[in-house]
Amino acid sequence: MGTVRGCALLVALLCLGVTLWTGLEERGTALAFGVLVLAGELTRWPGTEAGEAAPLGAAGALAYALLGEDAGLPSHHGACQVVTVVLAASLLGSVPHVARGRGRTADHLARRVLTVSFAALCFQPLYNGGVFRSRTGPAHAALLVALLVLTALCGAVLAAAEAHRRTRWPFGPLLREELRGLLGIGSAVCATGAVMALAVAVAGLWALPVFCVPLLLTQLSLRRYASVRDTYRQTIASLARATEVAGYTPAGHARRVAALSRAVGRDLGLTEPELTVLEHAALMHDIGQLSLVDPVPAGATAGLPATERRRIALLGGAVVRQTGVDREVAVVVERQADPCDEQPLPARIVRAVNAYDEKARGAGPGGSLTALEELRLAGAGEYAAEVVESLARVLARGVV
């Protein structure tokens, strides 16, 4: 069990025990927020790159943690009750996802418990101690914003730490991606959670469904965007298979190079947009072979003369530009045959990974080690040393 999961389990058990001992305060309010979190978890979608897979559930949990009044009357629930209600609703909402085997539910629940407990432990004692009550207007808003920023940073660190434990990718780039995600759906979640808490304090629980609508529409838009992005990627993958269908490259070569290239790029600290360009370029790196009259044996271009590789790369870039794919993808495809010290990092990665897959494919049972050794012995002028060593680390982890 990872450190994050272990801490979340201890916090959950402690809060559950305290809540069972003291009993639920204001059960109607607890039920309303529990239903809101439950709805958010039921609509959670897996595999998102937007940062928060269940924005409605996250906003509802945050709103409950920041709730000080209900229709002008002080609330009496504590931080432990907040964590207990959110955990119970999240567990119930995760049942369909667990049954379908979708997503990393345990990691998601652990982050939800720890971030909500952080927000509740910061807000509830301060509110009960009169800190928030004594400050109105800008001062109250500033305190809420500061708390929201700290909670968001806490969530980003937890997500990056859990991803680092699971994949062994460098922590710094993972944290940077999580922080970048806060500027999108993360900021909407924080803002909606705070607004819902303030609205319930004035108008009561009827404010919850009203303020859920904007976030639901945002979530729908994100899902549509993710669908369009997946369709775009499938289109590129279909174009990349043209060389396999025509017999120019072995089956699965482009897919393997793309997966390995993305893993190496992540290990070297590329951002998510850069990883997307790298993956698309790796899928289409051999498309220039369609212009050849006589196919290269087994599609292995790594052993061709530099001039021939350069011609194939330029032809491939021209094809990519005609397809309407991102211009940056075409640049990477065109420059994969340039001198190593003149190439951008994505082109260096595609070049090394392509050569590795070609060499490993025909080297027998020990092909992986043999191919890596050949890449190392080729010298810095042929393959970038940092890329080869990153490739070795990725293969050693076995996480692609």
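The values are calculated or read from the model by the stated rules, or taken from the named source; none is laboratory data. Keep in mind the model is a prediction, meaning the values are calculated, not measured. Here the Cβ positions follow ideal geometry from the backbone for every residue, glycine too, while neighbour counts run over all protein chains shown. To get the accessible areas, we keep the full protein, side chains included, count just its heavy atoms, and leave off ligands, DNA and RNA. Shrake-Rupley method; radii C 1.70, N 1.55, O 1.52, S 1.80 Å.
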Query raised in the report: Restricting the search to region 230-258, which residues are exposed (fewer than 14 other Cβ atoms within 10 Å of the Cβ) and outside any loop (DSSP other than H, G, I, E, B)?
Result: 230, 231, 234, 235, 238, 245
Report summary line: With criteria (1) surrounded by fewer than 16 Cβ atoms within 10 Å (Cβ to Cβ); (2) of a type in the set (Val, Ile, Thr); (3) closer than 19 Å to residue 394 by Cα, residue 276 comes up short on (1)
Requested in this report: Tally the residues that are open to solvent by less than 20 Å² (accessible area, probe 1.4 Å) and closer than 24 Å to residue 267 by Cβ, restricting the search to region 318-355.
Outcome: 14
Requested in this report: Check region 346-363 and report whether any residue there is modelled with pLDDT of 85 or more, among the acidic types (Asp, Glu) and either more than 25 Å from residue 235 (Cα to Cα) or part of a helix (DSSP H, G or I) (or both).
Outcome: yes
Report summary line: Within region 89-103, of all residues that are in contact (Cβ under 8 Å) with a residue 24 or more places away in the chain and open to solvent by 60 Å² or more (accessible area, probe 1.4 Å), the one farthest from residue 65 (Cα to Cα) is 102
Query - Hey, residue 149 among the β-branched types (Val, Ile, Thr), assigned to a helix (DSSP H, G or I) and open to solvent by 20 Å² or more (accessible area, probe 1.4 Å) or not - result: yes
Report task. Tell me, yes or no, whether region 305-313 has at least one residue that is over 22 Å from residue 384 (Cα atoms) and either in a helix (DSSP H, G or I) or not aromatic (Phe, Trp, Tyr) (or both). Result -> no
**Report entry** Residue satisfying condition, being assigned to a helix (DSSP H, G or I), open to solvent by 20 Å² or more (accessible area, probe 1.4 Å) and either small (Gly, Ala, Ser) or touching a strand residue (DSSP E or B) at 6+ places or on another chain (Cβ under 8 Å) (or both), within set 261, 227
**Finding:** 227
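Matching residues to (1) closer than 30 Å to residue 163 by Cα; (2) part of a loop (DSSP other than H, G, I, E, B):
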| site | (1), (2) |
| --- | --- |
| 211 | no, no |
| 216 | yes, no |
| 220 | yes, no |
| 223 | yes, no |
| 266 | yes, no |
| 269 | yes, yes |
Report task. Please work out if residue 238 is within 26 Å of the chain's Cα centre (by Cα), among the hydroxyl-bearing types (Ser, Thr, Tyr) and modelled with pLDDT of 90 or more. Result -> no
Report task. Give 207, 194, 188 a once-over and let me know the one that is among the hydrophobic types (A, V, I, L, M, F, W, C), without any contact (Cβ under 8 Å) to a residue 60 or more places away in the chain and crowded, with 17+ Cβ neighbours inside 10 Å. Result -> 207
Query - Which numbered condition residue 342 fails, given (1) free of Cβ contacts under 8 Å to residues at least 60 places away in the same chain; (2) in contact with a helix residue (DSSP H, G or I) (Cβ under 6 Å, 6 or more places away or on another chain) - result: (2)
Query raised in the report: From 20, 66, 56, 109, which residue is crowded, with 19+ Cβ neighbours inside 10 Å and more than 20 Å from the chain's Cα centre (by Cα)?
Result: 66
Query - Index of the failed condition, residue 309 passing every other in (1) open to solvent by 60 Å² or more (accessible area, probe 1.4 Å); (2) modelled with pLDDT under 85; (3) over 22 Å from residue 237 (Cβ atoms) - result: (1)
Query raised in the report: Which residue out of 188, 119 is touching a Ser or Thr at 6+ places or on another chain (Cβ under 7 Å), at pLDDT below 85 and either closer than 30 Å to residue 268 by Cα or not in a loop (DSSP other than H, G, I, E, B) (or both)?
Result: 188
**Report entry** Options 179, 174; residue that is free of Cβ contacts under 8 Å to residues at least 60 places away in the same chain, in contact with a helix residue (DSSP H, G or I) (Cβ under 6 Å, 6 or more places away or on another chain) and either under 16 Å from residue 148 (Cα atoms) or not in a helix (DSSP H, G or I) (or both)
**Finding:** 179
